[in-house]
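> The structure under discussion is supplied below as structure tokens; questions concerning it will follow.
The values are calculated or read from the model by the stated rules, or taken from the named source; none is laboratory data. Fair warning: this is a prediction, and the values are worked out from it, not measured in the lab. Here the Cβ is made from the backbone with ideal geometry for all residues, glycine too, and neighbour counts use every protein chain on show. Accessible surface areas use protein heavy atoms only, side chains included; no ligands, DNA or RNA. Shrake-Rupley method; radii C 1.70, N 1.55, O 1.52, S 1.80 Å.
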Amino acid sequence: EYILAAFTGLAVIHFYGGSTAQALSSIVGNGSLLNKVKLPVSVFPVSIIIANTFQLSVGMLPLLVIVTIFLSPNLSSLINILTIPLPLLALISISMGIGFFTISLYVFFRDLPFFYELVQFFLMMSSPIFYPAAIVDPRIRPLLELNPLYPVIESLRQIVLSGNSPDLFLITRAWLSGIIILGIGWACFNWLRPKFMDLL
């Protein structure tokens, strides 16, 4: 199951990295349009996240469902299939929150993409993509668990690959990460939005 576990982790990090990187420059890149047409500023990052979510749903989601059917017992496979969207919704919330936060900063700091590439690299290295979290030294694991993508990856793997019933604790942790980050990102975006048009 190593290939399937690595695929699950890569799919999560790929969605997060692609959607947030595209959203980062969406407002600055469409500054001339915003100055000519009265549009909600949030429409650009939200549309990018929605487009990436559609690609996720038609690309990765069917594969996850197929793997779940083969690895889960008959009685629990339906429950696991219905639960797959829960960590994915948490992932979308995290990506949306980070997108709002980085967009707000990029309007003021145009060198942010270079720094954000480093942040993405460290997030990928600290995410249990190519290794199980169980092998990490217990003294280091609390640092690993600070990664907001950690509960999403672990929850998705548990649902799809373990063959057991969904772990509600992991799902709850993933949702808490998504809600907190989305709230922080949206609050920062709303706080700085009145100053956007002067800098676009």
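> Can you tell me how many residues within segment 165-195 are of a type in the set (K, R) and touching a residue at least 24 places away in the same chain (Cβ under 8 Å)? Spell out the reasoning first.
The initial filter retains those residues of segment 165-195 that are of a type in the set (K, R), namely 173, 193, 195.
Going one step further and asking which of them are touching a residue at least 24 places away in the same chain (Cβ under 8 Å), we end up with 193, 195.
So the count comes out to 2.
> Every residue in segment 161-193 that is under 12 Å from L149 (Cα atoms) and of a type in the set (F, W, Y), please.
Within segment 161-193, just W175 meets the criteria.
> L78 is checked against (1) part of a loop (DSSP other than H, G, I, E, B); (2) over 22 Å from the mean Cα position of the chain (by Cα) and fails just one. What number does that condition carry?
(1)
Here's the yes/no breakdown for (1) modelled with pLDDT of 90 or more; (2) farther than 25 Å from I171 by Cβ; (3) not hydroxyl-bearing (S, T, Y):
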{"position": "E1", "(1), (2), (3)": "no, no, yes"}
{"position": "G31", "(1), (2), (3)": "no, yes, yes"}
{"position": "F44", "(1), (2), (3)": "no, yes, yes"}
{"position": "I66", "(1), (2), (3)": "no, no, yes"}
{"position": "I69", "(1), (2), (3)": "no, no, yes"}
{"position": "L78", "(1), (2), (3)": "no, no, yes"}
{"position": "I84", "(1), (2), (3)": "yes, no, yes"}
{"position": "L89", "(1), (2), (3)": "yes, no, yes"}
{"position": "G99", "(1), (2), (3)": "yes, no, yes"}
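> Only one of (1) in contact (Cβ under 8 Å) with a residue 40 or more places away in the chain; (2) not in a helix (DSSP H, G or I) fails for P151. Which number is that?
(2)
> On to the next question. Can you name the residue in segment 23-64 that is outside any helix (DSSP H, G or I) and among the hydroxyl-bearing types (S, T, Y) and, of all such residues, is farthest from F108 (Cα to Cα)?
So the first thing to find is which residues in segment 23-64 are outside any helix (DSSP H, G or I), and the list is 25, 30, 37-42.
When the remaining residues are screened for being among the hydroxyl-bearing types (S, T, Y), the result is 25, 42.
Details: S25: 12, S42: 17 Å.
The residue in question is S42.
> Looking for whichever is open to solvent by 90 Å² or more (accessible area, probe 1.4 Å), among the aliphatic types (A, V, I, L, M) and at pLDDT 85 or above here; the options are L161, L168. Which one fits? Before you say what the answer is, go through the steps one by one.
Numbers: L161 fails: open to solvent by 90 Å² or more (accessible area, probe 1.4 Å).
The unique qualifying residue is L168.
> Is segment 129-143 home to any residue that is under 27 Å from I50 (Cα atoms) and out of contact with any Cys (no Cβ under 6 Å at 6 or more places or on another chain)?
Yes, there is a match, as at least one residue in segment 129-143 is under 27 Å from I50 (Cα atoms) and out of contact with any Cys (no Cβ under 6 Å at 6 or more places or on another chain).
> Next question. Mind counting the residues in segment 19-60 that are surrounded by 16 or more Cβ atoms within 10 Å (Cβ to Cβ), out of contact with any Phe, Trp or Tyr (no Cβ under 9 Å at 6 or more places or on another chain) and not hydrophobic (A, V, I, L, M, F, W, C)?
So the answer is 2.
> Is it the case that segment 4-15 has a residue that's in a loop (DSSP other than H, G, I, E, B) and either open to solvent by 80 Å² or more (accessible area, probe 1.4 Å) or at negative phi (or both)?
Within segment 4-15 (the criterion being in a loop (DSSP other than H, G, I, E, B) and either open to solvent by 80 Å² or more (accessible area, probe 1.4 Å) or at negative phi (or both)), the answer is no, since none of the residues qualifies.
Per-residue answers, yes or no, for (1) assigned to a loop (DSSP other than H, G, I, E, B); (2) within 18 Å of the chain's Cα centre (by Cα); (3) buried (at least 16 other Cβ atoms within 10 Å of the Cβ); (4) among the small types (G, A, S):
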{"position": "F100", "(1), (2), (3), (4)": "no, yes, yes, no"}
{"position": "I103", "(1), (2), (3), (4)": "no, yes, yes, no"}
{"position": "F108", "(1), (2), (3), (4)": "yes, no, no, no"}
{"position": "P113", "(1), (2), (3), (4)": "no, yes, no, no"}
{"position": "E117", "(1), (2), (3), (4)": "no, yes, no, no"}
{"position": "M124", "(1), (2), (3), (4)": "no, yes, yes, no"}
{"position": "P128", "(1), (2), (3), (4)": "yes, yes, yes, no"}
{"position": "R139", "(1), (2), (3), (4)": "yes, no, no, no"}
{"position": "P142", "(1), (2), (3), (4)": "no, no, no, no"}
